[in-house]
Amino acid sequence: MHNYSNLQIWQQAMELVVEVYKLTKTFPAEEKYGLVSQINRAAVSVPSNIAEGAGRGSNKDFSHFISISIGSMCELHTQLVLSERLGFIDHLQYKKIQEHLDNIQRMAVSFKNKLDTNI
């Protein structure tokens, strides 16, 4: 079992969740149960799957949950693009979050590759 709270990837993912929640507070009220809910759930899924994978008994299982986390990052990216296109966020807001998301995704792919090497 890994101590996920010491992992930089988990810490960065937790910071991303806070950024996303602050951002979605500015969305129109009618999106509360639509896009806002989806965005927030996708963001929370990133560190949650890292934590769940860390609690599993093997690197193979951990790698699988890192893959799920990467999928959630792709989902979040899609929702952020849509949010910008719909005018809920401006390009600077999008770019700031996307840069953070890209960094976490690079970390996740690198970490997954390391886990896969040690299976």
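Worth a mention:
- Scaled against 2.2 N^0.38 Å for its residue count N, the alpha carbon radius of gyration of the range 71-114 is 1.27.
- Helix-only mean residue ellipticity at 222 nm for the chain, each DSSP H run of n ≥ 4 adding -39500 (n - 2.57), per residue, nearest 500: -27000 deg cm²/dmol
- Bridging of residue 32 to lysines at a Cα separation below 19 Å is possible for 22, once same-chain residues fewer than 8 apart are set aside.
- Each principal axis of the Cα cloud of the range 1-50 was taken in turn, and the coordinate range along them, longest first, works out to 42, 15, 9 Å.
- In a reduced charge model with +1 at each Lys and Arg Cβ and -1 at each Asp and Glu Cβ, the chain shows a dipole moment near 160 debye about its Cα centre.
- Under Karplus coefficients 6.51, -1.76 and 1.60, residue-wise ³J(HN,Hα) of the range 87-97 in Hz, glycine/proline x: x, 7, 9, 8, 4, 5, 5, 4, 4, 4, 5
- Value of Rg to Rh for the range 41-89, rounded to two decimals, is 1.16; Kirkwood radius and Rg both from alpha-carbon coordinates.
- Backbone HN-Hα couplings from phi across the range 54-60 [Karplus 6.51/-1.76/1.60, Hz, Gly and Pro as x]: 5, x, 7, x, 9, 5, 5
- Whole-Hz ³J(HN,Hα) from phi, Karplus 6.51 cos²θ - 1.76 cosθ + 1.60, for the range 113-118, glycine and proline x: 4, 5, 4, 5, 5, 9
- Excluding ligands, DNA and RNA, the accessible surface per residue across the chain is 56 Å² with a 1.4 Å probe.
- Proximal lysines relative to residue 114, as straight alpha-carbon distance under 16 Å, when same-chain residues fewer than 8 apart are discounted: 60
- Surface composition of the chain: carbon plus sulfur atoms hold 53% of the accessible area, using a 1.4 angstrom probe and ignoring ligands, DNA and RNA.
The values are calculated or read from the model by the stated rules, or taken from the named source; none is laboratory data. Just so it is clear, the structure is predicted and the values come from calculations on it, not from any experiment. Here the Cβ is made from the backbone with ideal geometry for all residues, glycine too, and neighbour counts use every protein chain on show. Only protein heavy atoms, including side chains, enter the accessible area calculation; ligands, DNA and RNA are left aside. Shrake-Rupley method; radii C 1.70, N 1.55, O 1.52, S 1.80 Å.
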